[in-house]
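Structure first, then comments.
The values are calculated or read from the model by the stated rules, or taken from the named source; none is laboratory data. In this text the structure is predicted, and so the values were computed from the model without any measurement. No Cβ is skipped: glycine too gets one built from the backbone with ideal geometry, and neighbour counts run over all protein chains shown. For accessibility, only protein heavy atoms count, side chains too; no ligands or nucleic acids. Shrake-Rupley method; radii C 1.70, N 1.55, O 1.52, S 1.80 Å.
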Amino acid sequence: PGTSEEVAPPLQQSFMIPKKEINMVSDMAKWKRSQAYADYMGFILTLNEGVRGKKLTCEYKVSEVGEEFGSPFQVTNKRDDPDCWGSGREHVSFPSHGGEQKPPIEKLVALLNTLDRWIDETPPVDQPSRFGNKAFRTWYAKLDQEAEKLVATVIPKHLADAAPEVAVYLKESVGNSTRIDYGTGHEAAFAAFLCCLCKIGVLRVDDQIAIVFKVFNRYLEVMRKLQKTYRMEPAGSQGVWGLDDFQFLPFIWGSSQLIDHPNLEPRHFVDEKVVNENHKDFMFLECILFITEMKTGPFAEHSNQLWNISAVPSWSKVNQGLIRMYKAECLEKFPVIQHFKFGSLLPIQPVTS
């Protein structure tokens with residue numbers, strides 16, 4: 001076969017419904033060697049590079065409608081867009097799209113807006129227990145029913161066959177409807193959902209920054225609203241020893257945003273004034289703000305790990321440390337990964353080098 005396959009993903013691909021493959025602790029070795037692990041981690045790190053030194057409010061490219069042209073997402077370390085700390089950043093104009101021809105990024109935001117609207121339409125019910133409001137199950141049932149249709153609105157018609165496979169990751173990304181809990185495994189499913197959209201060529205290299213700043217950030221807002229509205233339990237939380245009850249990725253990408261910042265250092269994120277003045281620009285500070293809204297008492301007590309991180313001298317050290325911690329505490333933990341599902345886009349098969 002020629003090199004054409006690298007240009008656009010093969011459209012003849014046979015998609016499948018992803019399923020569980022990690023059933024006991026000894027299966028973890030299979031996961032760490034898998035194509036899925038390599039692609040997932042490559043995706044996380046590519047985005048980590050893409051947002052480095054950029055504010056949430058900076059301007060960035062968004063690719064055109066994901067039809068058959070353009071190159072699908074490739075793992076790259078090239079940074080050709082101007083740094084957002086610089087003043088001479090180029091202005092990116094968004095081409096006007098007729099009606100249905102919104103860029104895939106916009107369609108994903110619209111999908112998340114729909115999930116948000118459903119929360120408003122499904123108020124919490126009166127129940128004796130404070131945590132785990134059962135109205136979440138009603139909300140979740142709606143997503144379960146509509147997920148494939150929602151995904152179909154994001155992908156072009158010639159890739160319609162991919163919708164059932166990709167939709168599984170969306171359904172897995174919002175928490176567990178039996179336990180009414182949410183944790184880093186659910187967050188990983190959303191990153192996997194975005195990774196799959198890159199693998200089928202719906203999202204592209206140009207979309208790196210928008211994937212994090214527009215789509216993932218909107219996802220976080222909706223998850224915070226779910227957590228608050230339905231008082232969701234943290235899934236497999238390590239309590240005071242974990243980084244955060246619910247999320248991990250925004251701390252990684254958020255610390256990358258702050259690398260080489262002229263005045264904000266890690267020691268500043270425990271300063272309320274700094275957080276209040278800068279949270280709209282930086283994902284990391286937005287996370288800190290949410291924690292302080294949700295928890296009472298001294299920060300050093302309710303968020304000990306983060307308190308320790310505030311003593312690290314530079315953001316690049318924080319970023320490297322968080323990547324190591326993410327692998328060790330999330331991706332290499334059986335209770336988290338046992339729920340991960342594998343299909344044709346994120347295969348359990350070992351990496352072919």
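Pairs with C-alpha atoms separated by more than 22 Å, drawn from the list LYS32/LYS341; LYS54/LYS341; LYS55/LYS214; LYS214/LYS280, are LYS54/LYS341. Normalising the Debye intensity of segment 152-212 to I(0), with uniform scatterers on Cα atoms only, and taking log10 at q = 0.13, 0.20, 0.24, 0.28 Å⁻¹ returns -0.38, -0.79, -0.99, -1.15. Within the assembled protein chains, the solvent-accessible surface assigned to PHE131 is about 80 Å², based on a 1.4 Å probe. Legend: P(r) of segment 129-237 from all alpha carbon pair distances, 5 Å bins from 0, whole percents, reading 2, 12, 21, 23, 19, 12, 7, 3, 1, 0. Computed with every protein chain present, the accessible area of ARG33 is close to 140 Å² [probe 1.4 Å]. With the whole protein complex present, ASP116 retains an accessible surface near 20 Å², based on a 1.4 Å probe. Heavy-atom accessible area, probed at 1.4 angstrom with all protein chains present, ranks GLU272, GLU64 as GLU272, GLU64, highest first. Estimated from the Cβ-Cβ distance and a Förster radius of 35 angstrom, the FRET efficiency linking THR178 and ALA328 is about 0.80. So which of LYS149/LYS228; LYS199/LYS273; LYS30/LYS134; LYS61/LYS273 end up more than 30 Å apart, counting from Cα to Cα? Result: LYS199/LYS273; LYS30/LYS134; LYS61/LYS273 exceed 30 Å.
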